[in-house]
Amino acid sequence: MKACRLKSTDATPVWFMRQAGRYLPEYRKIRKTNSMLSILKNPELSAEITAIPADKLGVDAAIIFTDIMAILYATNIEFDLKDNVGPVIRNPIRGLPQVKAIETKSVIDNVPFLSDSIKLSKNNIDVPLIGFSAAPFTLASYLIEGGSSGDFMSTKEFMYRNPTAWHSLMEKLGPLILEYLKMQIKSGVDAVQLFDSWAGCLDSYDYNTYVAKYTKGIFDGLKHYDVPTIHFGTNTSAILKDMMKAGGNVCSVDWRIGLDDAWSKIGRNTSIQGNLDPAALLGPKTYIKNKVLDIMKRANGRNGHIFNLGHGVLPETPVESIRYVVDIVHGFG
Ligand code: CP3
């Protein structure tokens, strides 16, 4: 929490995106008998999973165990989370009539299990709890593509050819996401992360024309809460400044840019998170150590550095390697 606020810390804090996932034997055991969606609708189970990394790995934050798709329970959009595939939207959005047909409903009435899971998690852990949502662009990309995409061509074509429908979609998603994050804050999360995982597929012109104001609306709407915000994306070197103009106390970067380059781009008034390639954890210890130390050197002991990966932990990652990174980062002082 101090690092989010650019204050000095005894050691650099560290946590991992997807720290409660398939690389953990405890998680795999629970998943054998429970689907992903049944876990996130079960507050006891999701709170139990949320706490595992804090107990087992010594990380400095927990992230609530849910998925970016859970917000869709507060709409009439039907979806599934398929094993080894990810989100699948039953009827992908093709144009204005479908956008108009989207109903947005009360988040507390329709996603009550998330609020309950946050409250239970707070009792289970003694580190800060991070809440999250997808950002409007990333959520819209799933609704339009119908699932995960490599190039986001359908999303871009939709934006360029159907701007009225696009803006109308963003006007529905933006306020819904803001309400969803407010609900998480009221339920007790200490910080929130906005995942614009795929915004890096856009250039600066498109980001500013089609995305920035909706993301900014969310960050502006959260300003009067005393809860730090983290703005995450991958492949974002070219639009980092634009993204941080939209908001966020902390900028989360991937490994395609040096931490020092990223920090000088966004300015020193913003904290920084991320940067280690998740694939680095598949390497031997000597390699992992060199990579972690390189990032620590680039951070140069400045206030506002949060160690993390540049994207989620890979399922193949040895638990031992995660623990090793935590030890190096904390040992650095
Ligand atoms: O530990 C944590 O970080 C918290 C849990 C978390 C999950 N999803 C659980 C999950 C978080 C923060 C997310 C966010 C999420 N979900 C994002 C944004 C982050 C990013 O990766 O860019 C996105 C794009 C999704 C959509 C999604 N959900 C994908 C692409 C997948 C993976 C598909 C696969 O099987 O490889 C999911 C499923 C999912 N969400 C898993 C987990 C742990 C794997 C679930 C499983 O099968 O057990």
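For the chain, what does the accessible surface come to per residue with a 1.4 Å probe? Please give it in Å². Mind showing how you got there, number by number?
Values: 13880 Å² over 333 residues.
Normalised by residue count, the accessible surface of the chain is 42 Å².
If the reach is capped at under 19 angstrom between alpha carbons, list the lysines near Lys122, excluding any in the same chain fewer than eight residues apart. Lys122 reaches Lys2, Lys41, Lys56, Lys182, Lys186.
Roughly how many percent of the accessible protein surface of the chain is carbon and sulfur, given a 1.4 Å probe and a whole-percent answer? Before the final figure, lay out the partial values.
Working: 6760 of 13880 Å².
Carbon with sulfur: 49 percent of the solvent-accessible area.
As a test, work out the antiparallel percent of DSSP beta bridges whose residues both lie in the chain, rounded to the nearest 5. Around 20 percent of the beta bridges assigned by DSSP in the chain are antiparallel ones.
On the basis of the beta-carbon distance and an R0 of 22 Å, Arg256 and Leu314 show a calculated FRET efficiency of 0.85. Kirkwood analysis of the Cα pair distances in region 163-219 returns a hydrodynamic radius of 12.5 Å.
Geometric descriptor of the chain, per residue, is 117 Å³ (volume of the convex hull of the Cα atoms).
If the segment from Leu293 to Asp10 were pulled out straight at 0.36 nm per residue, it would be longer than the present Cα-Cα gap by 100.2 nm. Report summary: the helix-based calculation at 222 nm, which adds -39500 (n - 2.57) for every DSSP H run with n ≥ 4 and divides by the residues of the chain, gives -13500 deg cm²/dmol.
Which GluC sites (Glu not before Pro) in region 1-97 pass both tests, a DSSP loop state and at most 10 other beta-carbon atoms within 10 Å?
Counting only loop positions with at most 10 other Cβ atoms within 10 Å, the GluC sites (Glu not before Pro) in region 1-97 are Glu78.
Note: region 248-327, Cα convex hull, 87 Å³ per residue.
The values are calculated or read from the model by the stated rules, or taken from the named source; none is laboratory data. Computed from a predicted structure; not experimentally measured. Backbone-built Cβ (ideal geometry, glycine too); neighbour counts: all protein chains shown. In case anyone asks, the SASA skips ligands and DNA or RNA and just uses the protein heavy atoms, side chains included. Shrake-Rupley method; radii C 1.70, N 1.55, O 1.52, S 1.80 Å.
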